[in-house]
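Each remark here refers to the structure printed beneath this line.
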Amino acid sequence: MTTLTIQDVSRQSGLSEPTLRYYEEVGLLGPIARDERSGHRRYAEGDLDAAQVLACLRAMGVGIEDMRTYQANRRRGRDAAGEQRDILLRHAERVEEQIATLRVHLDYLRVKAALWDAREQADSAAEAQAYAELETILPRLEETFR
(Lines give C-alpha, C1' and ligand atoms only; values in the text may rest on other atoms or scores of the structure.)
Protein backbone atom coordinates (compact mmCIF):
# COMPACT_ATOMS: atom_id res chain seq x y z
CA MET A 1 0.00 0.00 0.00
CA THR A 2 1.35 3.41 -0.99
CA THR A 3 1.42 6.00 1.76
CA LEU A 4 1.84 9.70 1.30
CA THR A 5 3.27 12.34 3.61
CA ILE A 6 1.38 15.46 4.55
CA GLN A 7 3.67 17.36 2.17
CA ASP A 8 2.71 15.02 -0.69
CA VAL A 9 -1.00 15.43 -0.01
CA SER A 10 -0.61 19.19 0.34
CA ARG A 11 1.12 19.46 -3.02
CA GLN A 12 -1.31 17.17 -4.80
CA SER A 13 -4.51 18.58 -3.29
CA GLY A 14 -3.59 22.25 -3.08
CA LEU A 15 -4.56 22.35 0.59
CA SER A 16 -1.99 23.69 3.03
CA GLU A 17 -0.56 21.43 5.71
CA PRO A 18 -2.33 23.37 8.49
CA THR A 19 -5.62 23.01 6.57
CA LEU A 20 -5.08 19.26 6.26
CA ARG A 21 -4.44 19.03 9.99
CA TYR A 22 -7.53 21.12 10.71
CA TYR A 23 -9.71 19.02 8.40
CA GLU A 24 -8.54 15.93 10.25
CA GLU A 25 -9.21 17.59 13.60
CA VAL A 26 -12.79 18.51 12.66
CA GLY A 27 -13.48 15.11 11.13
CA LEU A 28 -13.50 15.98 7.43
CA LEU A 29 -10.50 13.73 6.80
CA GLY A 30 -9.39 10.57 8.39
CA PRO A 31 -8.63 9.38 10.82
CA ILE A 32 -5.20 9.49 9.23
CA ALA A 33 -2.79 6.66 10.01
CA ARG A 34 0.44 7.46 11.82
CA ASP A 35 3.93 6.10 11.37
CA GLU A 36 4.55 3.96 14.45
CA ARG A 37 8.09 5.25 14.98
CA SER A 38 7.84 8.91 14.10
CA GLY A 39 4.16 9.61 14.66
CA HIS A 40 3.99 11.43 11.31
CA ARG A 41 0.79 11.25 9.33
CA ARG A 42 0.69 8.68 6.54
CA TYR A 43 -2.08 9.26 4.04
CA ALA A 44 -3.58 6.52 1.89
CA GLU A 45 -4.75 7.10 -1.70
CA GLY A 46 -8.34 7.36 -0.44
CA ASP A 47 -7.29 10.14 1.93
CA LEU A 48 -5.75 12.00 -1.00
CA ASP A 49 -8.96 11.58 -3.00
CA ALA A 50 -10.97 12.97 -0.08
CA ALA A 51 -8.55 15.90 0.30
CA GLN A 52 -8.87 16.71 -3.40
CA VAL A 53 -12.66 16.71 -3.15
CA LEU A 54 -12.45 19.00 -0.13
CA ALA A 55 -10.08 21.32 -2.00
CA CYS A 56 -12.60 21.62 -4.84
CA LEU A 57 -15.48 22.27 -2.46
CA ARG A 58 -13.44 24.83 -0.55
CA ALA A 59 -12.48 26.63 -3.78
CA MET A 60 -16.19 26.93 -4.57
CA GLY A 61 -16.92 28.48 -1.19
CA VAL A 62 -18.63 25.47 0.38
CA GLY A 63 -18.65 25.74 4.17
CA ILE A 64 -17.38 23.21 6.68
CA GLU A 65 -20.82 21.81 7.59
CA ASP A 66 -21.76 21.21 3.95
CA MET A 67 -18.32 19.66 3.39
CA ARG A 68 -18.95 17.37 6.35
CA THR A 69 -22.35 16.35 4.95
CA TYR A 70 -20.92 15.91 1.48
CA GLN A 71 -18.12 13.64 2.75
CA ALA A 72 -20.54 11.57 4.83
CA ASN A 73 -22.82 11.24 1.82
CA ARG A 74 -19.93 10.10 -0.36
CA ARG A 75 -19.54 7.14 1.97
CA ARG A 76 -23.28 6.41 1.75
CA GLY A 77 -23.15 6.29 -2.04
CA ARG A 78 -26.31 6.11 -4.11
CA ASP A 79 -28.58 6.38 -1.06
CA ALA A 80 -27.36 9.96 -0.60
CA ALA A 81 -27.49 10.98 -4.26
CA GLY A 82 -30.46 13.32 -3.84
CA GLU A 83 -28.93 15.11 -0.90
CA GLN A 84 -25.60 15.44 -2.74
CA ARG A 85 -27.40 16.93 -5.73
CA ASP A 86 -29.25 19.41 -3.51
CA ILE A 87 -26.06 20.54 -1.78
CA LEU A 88 -24.33 21.10 -5.10
CA LEU A 89 -27.30 22.88 -6.69
CA ARG A 90 -27.64 25.19 -3.70
CA HIS A 91 -24.01 26.22 -4.08
CA ALA A 92 -24.39 26.47 -7.86
CA GLU A 93 -27.18 29.03 -7.31
CA ARG A 94 -24.92 31.02 -4.99
CA VAL A 95 -22.13 30.98 -7.61
CA GLU A 96 -24.58 32.11 -10.31
CA GLU A 97 -25.55 35.06 -8.12
CA GLN A 98 -21.87 35.92 -7.65
CA ILE A 99 -21.30 35.73 -11.40
CA ALA A 100 -24.24 38.04 -12.06
CA THR A 101 -22.84 40.54 -9.56
CA LEU A 102 -19.39 40.33 -11.11
CA ARG A 103 -20.87 40.95 -14.58
CA VAL A 104 -22.45 44.17 -13.34
CA HIS A 105 -19.14 45.22 -11.81
CA LEU A 106 -17.37 44.38 -15.07
CA ASP A 107 -19.88 46.40 -17.10
CA TYR A 108 -19.39 49.35 -14.76
CA LEU A 109 -15.61 49.20 -15.02
CA ARG A 110 -15.68 48.98 -18.81
CA VAL A 111 -18.07 51.92 -19.14
CA LYS A 112 -16.01 54.02 -16.74
CA ALA A 113 -12.87 53.14 -18.74
CA ALA A 114 -14.69 54.13 -21.94
CA LEU A 115 -15.68 57.41 -20.31
CA TRP A 116 -12.09 58.21 -19.41
CA ASP A 117 -10.91 57.11 -22.83
CA ALA A 118 -13.43 59.51 -24.43
CA ARG A 119 -12.17 62.31 -22.18
CA GLU A 120 -8.58 61.55 -23.12
CA GLN A 121 -9.52 61.63 -26.81
CA ALA A 122 -11.63 64.78 -26.30
CA ASP A 123 -14.51 62.91 -27.95
CA SER A 124 -17.66 64.51 -26.56
CA ALA A 125 -19.99 62.15 -28.45
CA ALA A 126 -18.26 59.07 -26.99
CA GLU A 127 -18.29 60.70 -23.56
CA ALA A 128 -22.03 61.33 -23.82
CA GLN A 129 -22.58 57.73 -24.91
CA ALA A 130 -20.54 56.46 -21.95
CA TYR A 131 -22.62 58.62 -19.59
CA ALA A 132 -25.81 57.19 -21.09
CA GLU A 133 -24.55 53.64 -20.62
CA LEU A 134 -23.48 54.48 -17.11
CA GLU A 135 -27.01 55.64 -16.29
CA THR A 136 -28.34 52.19 -17.25
CA ILE A 137 -25.69 50.39 -15.20
CA LEU A 138 -25.90 52.42 -11.98
CA PRO A 139 -29.27 50.99 -10.81
CA ARG A 140 -27.98 47.45 -11.42
CA LEU A 141 -24.77 48.33 -9.57
CA GLU A 142 -26.70 49.69 -6.60
CA GLU A 143 -28.64 46.42 -6.42
CA THR A 144 -25.39 44.51 -5.93
CA PHE A 145 -24.75 46.44 -2.72
CA ARG A 146 -28.05 45.44 -1.10
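The values are calculated or read from the model by the stated rules, or taken from the named source; none is laboratory data. For clarity, every value in this text was computed on a predicted model and none was experimentally measured. Heads up, the Cβs are rebuilt from the backbone with ideal geometry, glycines too, and the neighbour counts pull from every protein chain shown. Surface accessibility is based on the protein's heavy atoms, side chains included, excluding ligands, DNA and RNA. Shrake-Rupley method; radii C 1.70, N 1.55, O 1.52, S 1.80 Å.
Between the beta carbons of GLU25 and GLU83, assuming R0 = 35 Å, the FRET efficiency works out to 0.90 to the nearest 0.05.
On the basis of the beta-carbon distance and an R0 of 22 Å, MET60 and ARG11 show a calculated FRET efficiency of 0.60.
Annotation: extensible slack from ARG75 through ALA113 equals 8.6 nm (criterion: 0.36 nm per residue apart, minus Cα-Cα distance).
Placing a label point 7 Å from the Cα of ALA126 along the Cα-to-Cβ direction, the residues of the range 89-120 with a backbone N closer than 20 Å are 107-120.
The phi torsions of the range 26-36, fed into the Karplus equation with coefficients 6.51, -1.76 and 1.60 and a -60° offset, translate into couplings of 8, x, 7, 10, x, x, 8, 5, 10, 5, 4 Hz, rounded to whole numbers, with Gly and Pro shown as x.
Seen through its C-alpha gyration tensor, with square-root eigenvalues sorted a ≥ b ≥ c, the range 1-122 comes out oblate because a/c lies at 1.5 or above while a/b is not bigger than b/c.
Karplus-derived 3J(HN,Hα) values for the range 44-60, using 6.51 cos²θ - 1.76 cosθ + 1.60 with θ = phi - 60°, are 8, 4, x, 5, 5, 4, 5, 5, 5, 4, 4, 4, 5, 4, 4, 4, 8 Hz; glycine and proline are entered as x. Between helix 81-121 and the chain there is an angle of about 30 degrees, using the helix long axis and the longest principal axis of the Cα atoms. Split the accessible area of the range 102-146 by element, probe 1.4 Å, and carbon with sulfur accounts for 56%.
Would you mind telling me the share, in percent, of accessible area of the range 41-97 contributed by carbon and sulfur at probe 1.4 angstrom?
51
Restricting the chymotrypsin sites (Phe, Trp or Tyr not before Pro) of the range 40-146 to loop positions (DSSP other than H, G, I, E, B) with no more than 16 neighbouring Cβ atoms within 10 Å leaves PHE145.
Counting only protein heavy atoms and a 1.4 Å probe, the range 1-112 has 64 square angstrom of accessible area per residue.
For the range 1-48, trypsin sites (Lys or Arg not before Pro) meeting the loop criterion (DSSP other than H, G, I, E, B) and having at most 10 other Cβ atoms within 10 Å: ARG37.
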